[in-house]
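Heads up: the structure comes next, in structure tokens.
The values are calculated or read from the model by the stated rules, or taken from the named source; none is laboratory data. Computed from a prediction, not measured in an experiment: that's the story for all the values here. Please note: Cβ atoms are built from the backbone with ideal geometry, for glycine as well, and neighbour counts cover all protein chains shown. Ligands, DNA and RNA are excluded from the accessible area calculation, which covers all protein heavy atoms including side chains. Shrake-Rupley method; radii C 1.70, N 1.55, O 1.52, S 1.80 Å.
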Amino acid sequence: MSEEEVHEQQQEWEKSRRRESLLEEFLRPSHVFAVVGATPKKEKYGYKIFKSLKEAGYKVYAVNPNHEEIEGERCYASLSELPEKPDVVDIVVPPAVTEQIVREAHRLGIKRIWMQPGAESEEAIKFCEEHGISVIHGLCVMLESLRAARKREM
């Protein structure tokens, strides 16, 4: 193995370690989540994610200005209306809306954003990185929270 190949392998390993560390940080069992784009429409990911996080034991707030409640729980129109600051904001909306949400999160001092696949935009990711907001994108919170729960059970 060449020196360059060893260096590339080390970089991949470090990247993997950082990702695992970031996932652990986001998925602490005590964290409060806000799901922006939560919906009562059972076929939509906004519903599935909201329900999945609740079933995993997280305290979860639904955020969507188009709905008043989901599964008997109040749905808030914006992050600003939540009764407490969430530890993690999970975003399940179109990229243009994500760009607005990350700015609101920054104004509120929220430090962790999870952009579901399809919700991310380069502008929103760059904004988070430039403003000290930890960001996960390209991974599904439902799958990762299940994986984390299984890992904790071992």
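For this structure, a couple of remarks:
- Any hit, the range 62-79, residues being modelled with pLDDT under 95, closer than 23 Å to Ala149 by Cβ and assigned to a loop (DSSP other than H, G, I, E, B): yes
- Number of positions in the range 6-53 that are open to solvent by 100 Å² or more (accessible area, probe 1.4 Å) and either under 15 Å from Ile136 (Cα atoms) or acidic (Asp, Glu) (or both): 8
- Of all residues in the range 34-53, exactly one satisfies the criterion of being within 24 Å of Lys111 (Cβ to Cβ), in a loop (DSSP other than H, G, I, E, B) and touching a strand residue (DSSP E or B) at 6+ places or on another chain (Cβ under 6 Å), namely Ala38.
- Taken over the range 127-154, the criterion of being surrounded by 13 or more Cβ atoms within 10 Å (Cβ to Cβ), assigned to a helix (DSSP H, G or I) and modelled with pLDDT of 95 or more is satisfied by Phe127, Cys128.
- Tally, over the range 65-93, of residues that are within 19 Å of Met142 (Cβ to Cβ) and open to solvent by 20 Å² or more (accessible area, probe 1.4 Å): 5
- Any hit, the range 113-122, residues being outside any strand (DSSP E or B), touching a residue at least 60 places away in the same chain (Cβ under 8 Å), under 17 Å from Glu25 (Cβ atoms) and polar (S, T, N, Q): no
- Only a single item in (1) touching a strand residue (DSSP E or B) at 6+ places or on another chain (Cβ under 8 Å); (2) open to solvent by less than 60 Å² (accessible area, probe 1.4 Å) is not met by Ala56, and it is number (1).
- Cβ-Cβ under 8 Å pairs, at least 6 apart or on other chains, the range 19-38 side on the phi < 0 side of the Ramachandran plot and basic (Lys, Arg), far side open to solvent by 10 Å² or more (accessible area, probe 1.4 Å) and modelled with pLDDT of 90 or more: Arg28/Asp87
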